[in-house]
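For reference, the structure discussed in these notes is given below.
Laboratory data are not the source of any read-out in this text; all were calculated from the coordinates shown. None of the values given here were measured: they were computed from a predicted structure. Heads up, the Cβs are rebuilt from the backbone with ideal geometry, glycines too, and the neighbour counts pull from every protein chain shown.
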Amino acid sequence: MALRSGLVALSLSALSALSIAALGIPAVIVTTSSVAHAEAEDSANVEILVLHATQQAGAGAIDPSIGNLPQLKKPPFSSFNTYKLLDRKGITLKKGQPIEYALVDGRKLNLVLLEKTPKPERYRLAASIDASKGEAFLKKIEVTASPNEPFFVAGQSHKGGILVLGIAIKGAGAAK
């Protein structure tokens with residue numbers, strides 16, 4: 001009898017624990033889901049392309065590793081006929097937290113996510129470039145961008161050409 005009541009007690013205890021766990025698990029999942037959703041609303045995956053644009057004799061070429069950027073074939077970018085990929089970096093921006101990205105010429109690109117709106121999905125970013133000694137080379141600009149549509153910051157002289165920075169928010173459906 002004692003063993004049987006022990007088993008019954010254990011079963012009831014286990015049942016109570018399962019009931020509590022059953023109630024707790026959805027609460028944890030909802031909380032975790034809510035946190036993940038809030039983090040998604042407050043962050044953005046960004047791809048930075050650093051391109052070297054030059055004017056070469058002949059037809060020139062666009063480095064195939066750059067991918068499809070038709071903007072490079074239109075003014076003002078079409079005044080250069082050769083584009084070489086110098087760097088590609090994926091980063092995650094968190095709302096209000098600036099990141100610093102070192103450029104090949106010693107300057108630093110500063111990016112910060114200011115706002116994200118869900119419908120239509122749009123991102124407001126601030127960008128600036130500091131010279132190697134910390135002074136502003138490009139004062140802060142604000143850009144509103146759609147997912148997968150790059151915006152460009154260009155004009156820094158570099159080795160007989162210029163640097164062109166392509167910055168794109170990687171939204172839903174984008175290649176990772």
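See the values below:
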| read-out | value |
| --- | --- |
| Cross-link pairs beyond the 31 Å C-alpha cut-off, checked among K74/K133; K74/K140; K74/K108; K119/K159; K95/K133; K94/K159 | K74/K133; K119/K159; K94/K159 |
| Peptides 145-153, 115-123 ordered by average Cβ neighbours within 10 Å, highest first | 145-153, 115-123 |
| Segment K94-A131, extension gain: residue separation times 0.36 nm, minus the distance between their alpha carbons | 10.9 nm |
| For q = 0.09, 0.14, 0.23 Å⁻¹, Debye-computed log10 I/I(0) when each Cα of the range 66-176 counts as one equal scatterer | -0.25, -0.62, -1.51 |
| Inter-probe distance in nm under a simple model that places probes 7 Å from Cα toward Cβ, at A61 and E115 | 4.5 |
| Burial order of peptide ranges 46-56, 100-110 (average beta-carbon count within 10 Å, highest first) | 46-56, 100-110 |
| Mean separation of Cα contacts under 8 Å (6+ apart) over length of the range 43-169, as relative contact order % | 27 |
